[in-house]
Amino acid sequence: MNLQEAKFQYLLRLGDSNLIIGHRLSEWCGAGPILEEDIALINIALDFVGNATALLTYAAEVEGKGRTEDDLAFLRGEREFRNLLMTEQPNGDYAATIARQFLYDVYTFYLYEALKSSKDETIAALAVKSHKEITYHLRHTTEWMYRLGNGTEESHERMQTALNDLWMFTNEFFDMDEVDALLIKEGVAADLEKIRTQWETRVKEVIAEATLQIPTTNFKQKGSREGKHSEHLGFLLAEMQSVHRSFPGAQW
Amino acid sequence: MNSIINTDQIFKLLSEIPDPEIPVINIIELGILRDVKMEDGLCTVVITPTYSGCPAMKVIEDDIRIRLKEIGIENVKVELVYSPAWTTDWISDVAKEKLRAYGIAPPERTSIDKGVLMGKERHLKCPQCGSENVSMISQFGSTACKALYRCNDCKEPFDYFKCI
């Protein structure tokens, strides 16, 4: 694997994860539990999709085969997507959405903080931009972790169930392979072992403050690095890509 | 015709383009328009988004092309840059006053709020009555760049332009 191939893969991982979680959040449009939350989730979705557009534009440029960000988003199949399994998990109830988002926000908060000093100028510039936005995302989800964890018996119960259900997807955040090894050596990528330590500390603090328990499951789900996804991604793509596949190249 | 138009004139022309979501300020006052270059008949206009997913960018790009076409410049490249990252510090004092008059509380001087993660309240004034007795309704408002507040004195809700 050469540097160009590694960079392309790395950009797909970053871009796809943000695109898919952004799309998931957009499914709440018009269906949020209260108006303010409906607006908040759609704003956050917009940040993710916008950032994914920039990352996939750069991925296509690095690949150098004349593809565009739209080709990458709309014309790839499930096995070609490199998003983290966490990001494709269904919205469930509001606790499930918030738990998924909180776990991912803490991860991106530290990941993009580290990427600000990437030796790749484009990745560094996008990280600076995104990190400002992620700071707001994380504040929002942290508040909701407290609210649901310390709320009623039912909200507490639902949040604990959501954490228990999603916990098996967190280990994959920190999976590293030859792509990471090569890019860390070149100063392009972030060392995910360092991110893991920061992530664990912050997540434990918030979970304790919210009077919740760290799940005890040892089961770890992985596969996205090789394009092996949960059953949910196919359905998500079918919807996300339907217009582009029905009307190829349509613009308005 | 192109040869007699210099970049200063183009800046002046483009300063007439309002932000599509906050039409009281233009794209120069907002800090979105970064540069204009004329080279061998190609006009390059450099813009930067406020937020990554700002849906206004496409409209702004179209507006720039339309304005330039009106004065006979058709060979246009609109370049989107992310570095240096846009910050609310680039909004001029004049523009901030325009925002206030329009009913949007302008961003404070310091860029990213250090207390933002700790849930610290900011000190800002109601753009309607000037009271500092305000409370946040939601961190996310009608557009990506704004939060929603309410004034506890005059009871009016208002948008606050978030610091980033």
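Observations on the structure shown:
- The set of residues from region A:1-15 being among the aliphatic types (A, V, I, L, M) and assigned to a helix (DSSP H, G or I) comprises A:Leu3, A:Ala6, A:Leu11, A:Leu12, A:Leu14.
- Among residues of region A:33-61 that are at the interface with another protein chain (Cβ under 8 Å from one of its Cβ atoms), those with a beta-carbon under 7 Å from a residue that is surrounded by fewer than 23 Cβ atoms within 10 Å (Cβ to Cβ) and among the charged types (D, E, K, R) at least six positions away or on a different chain give the pairs A:Thr53/A:Glu69.
- For region A:229-245, residues that are surrounded by 12 or more Cβ atoms within 10 Å (Cβ to Cβ) and part of a loop (DSSP other than H, G, I, E, B) total 3.
- The set of residues in region A:26-56 being within 12 Å of the chain's Cα centre (by Cα) and surrounded by fewer than 24 Cβ atoms within 10 Å (Cβ to Cβ) consists of A:Ala45, A:Val49.
- Helices (runs of 4 or more DSSP H) fully within region A:65-151 counting 2 or more residues that are surrounded by 21 or more Cβ atoms within 10 Å (Cβ to Cβ), within 14 Å of another protein chain (Cβ to nearest Cβ) and free of Cβ contacts under 8 Å to residues at least 24 places away in the same chain: A:121-149
The numbers here are math on the coordinates, done by the rules we state, and not lab data. Here the structure is a predicted model, which means the values were calculated and not measured. In this analysis, Cβ positions are derived from the backbone assuming ideal geometry, glycine residues included, and neighbour counts consider all displayed protein chains.
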